[in-house]
Structures are given as C-alpha cells and as structure tokens.
Amino acid sequence: MKLQFAMDTLTTTQALEWAAAAAPHVDILELGTPLIKSEGLAAVTAVKDAHPDKTVFADLKTMDAGALEAEIAFKAGADLVTVLGTAGDSTIAGAVQAAETHGKGVVVDLIGVADKPARAREVVALGATFVEMHAGLDEQAEEGYSLETLLRAGAEAGVPFSVAGGVKETSIAAVQESGAQVAVAGSSIYSTDDVAAAAAALRAAIV
C-alpha cells in the first residue's frame, strides 16, 4: 500500500517545506484544493520540480470542464488529478481522455456521494485510475463520523481505491486490511511538531 501526504496549506513555501521533510517516507505528494486555489498551478510545478521522483497529486476536485482542467494540471507537472464523483460522466471521461494523452491518471473523489461502491464501479469503467473513499474535514467533525464507513465502502466496491478521512498511525493498519491501494494522511503528519517523524511512523505501520 502506498502512502499519500495531503498538504493542506495555503502557501507553496509551506508545501515545499513539508514535502522536503516527508518525501523520504511517502510515495505521493498531494497539493490540497485550498493550496491550488490560493497559489495556482505554479504550486504544482514547484513541488514536481523539487521532487521529480514522486507522484504529484493535484486535488482539483473538478466538477466541469474535465478535459480542460486536467490538461492544464498535467502540463503544470501533475501526475494525478481529481474529478468529483458527483460530476457528470462526460466530465470524468474528458479528464480521462486528457490523462491518456499525457500518460497520467485521474482519481475520482467520492466525497458527498451517497452510494460510494456503486459510483466507484461506474467511474472505474469510465477509465478512472482509482477512486478515493473520502470524508472531508467538515464531515470528519460531525458527530458519529467513523473511518470504518469508508473502509467498508472501499472493500464493497471491488475496484482500486484510496482512503482519506482521518487516517493516522493507529488506523492505517485497518486501511491496509480493507484492501486500499493508497492511504491518504494529512493532519496526522502536518499537525505534528516533526513532519518527518510522523511520516516515518505511518510508513513503519504499513506492513
């Protein structure tokens, strides 16, 4: 299972600092949606230039103009981009077409999708590289939220998936046991006093 570091910051400078610390321990460097909205796709280029050996994930959360948005992100250096699972099939297909042109990939983010397993199977059939079983920060803060819901959805879907929604050292083993190809960790890495140590601990917990 791969480890993805979701960098939820508003500045490229901070993202580069975090990426430098975590890079020895992670496989995928994710530029969060707020960072891309704040700094633009130049942030993607900066991270890719600094870490050409890493997969750079641009969390665009595209809802329309799939081909266009994917195209400009791939040209900026992204290896993977996200399209929302609630987007129309034509939007997802357009992004996939751009990915095929550039030899890159599309991840469909299922945040806000009620029937995640069913939609996961549909979008993989459209050409998505994998889907992300995702609970956003707002959902995680709601009473009764459980990571287990995402793990069950991923296992039920029967397609390649990642999990993002409060993954930490104590839960990453369960993520792996669910069959996820990628565990996405954000605040459990960047909210610590030592980003490198936190990333290393997560890596060590993957068997």
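Taking packing as the residue-averaged number of other Cβ atoms within 10 angstrom, the listed peptides 2-13, 180-191 run from highest to lowest as 180-191, 2-13. Taken one residue at a time, the phi angles of region 196-207 give Karplus couplings (6.51, -1.76, 1.60, θ = phi - 60°) of 4, 5, 5, 5, 5, 5, 5, 4, 5, 7, 8, 9 Hz. Gly and Pro are set to x. Along its principal axes, region 83-140 has C-alpha extents of 36, 20, 15 angstrom, given from the largest down.
The accessible-area ordering, largest first, of the residues I92, I72 stands as I72, I92, per a 1.4 angstrom probe.
Accessible area per residue for region 160-207 is 42 Å², calculated with a 1.4 Å probe on protein heavy atoms, without ligands, DNA or RNA. Spatially close Lys pairs in the chain, defined by Cα atoms under 12 Å apart and a spacing of eight or more places or different chains, total 4. Over all other residues within a Cβ to Cβ distance under 10 Å of T33, the charged ones net out to -2, with Lys and Arg as +1 and Asp and Glu as -1. Between D64 and R121, the modelled label-to-label distance comes to 3.1 nm, taking each label 7 Å out from Cα in the direction of the beta carbon. For the chain, averaging the sequence separation of C-alpha pairs within contact (under 8 Å, six or more residues apart) and dividing by the residue count gives a relative contact order of 19 percent.
Estimated at 0.36 nm per residue, the fully extended path between K2 and Q97 surpasses their Cα-Cα distance by 31.7 nm.
Out of every Cα-Cα pair that region 75-207 contains, those further apart than 17 angstrom amount to 59 percent.
The Rg/Rh ratio of region 17-135, with Rg taken over Cα atoms and Rh as the Kirkwood radius over Cα pairs, comes to 0.96. The dipole here belongs to region 1-151: it is taken about the Cα centre, uses +1 on the Cβ of Lys and Arg and -1 on the Cβ of Asp and Glu, and is about 400 debye.
When the chain is fully extended, how far beyond the present Cα-Cα distance does R152 get from T86, taking 0.36 nm per residue of separation?
21.8 nm
Applying the Karplus relation 6.51 cos²θ - 1.76 cosθ + 1.60 with θ = phi - 60° to region 132-142 yields 3J(HN,Hα) values of 10, 7, 10, 10, x, 4, 5, 5, 4, 7, 6 Hz, where x marks Gly and Pro.
Note on M63: accessible area approximately 100 square angstrom, rounded to 10, probe 1.4 Å, nucleic acids and ligands left out. Legend: residues R152, R203, sorted from most to least accessible area (1.4 Å probe; ligands, DNA and RNA excluded), read R152, R203.
The values are calculated or read from the model by the stated rules, or taken from the named source; none is laboratory data. The shown structure was predicted, so the numbers you read here are calculated from the model rather than taken from an experiment. Here Cβ is always computed from backbone atoms with ideal geometry, including for glycine, and neighbour counts include all displayed protein chains. These accessible areas exclude ligands, DNA and RNA; they are computed on the full protein's heavy atoms, side chains included. Shrake-Rupley method; radii C 1.70, N 1.55, O 1.52, S 1.80 Å.
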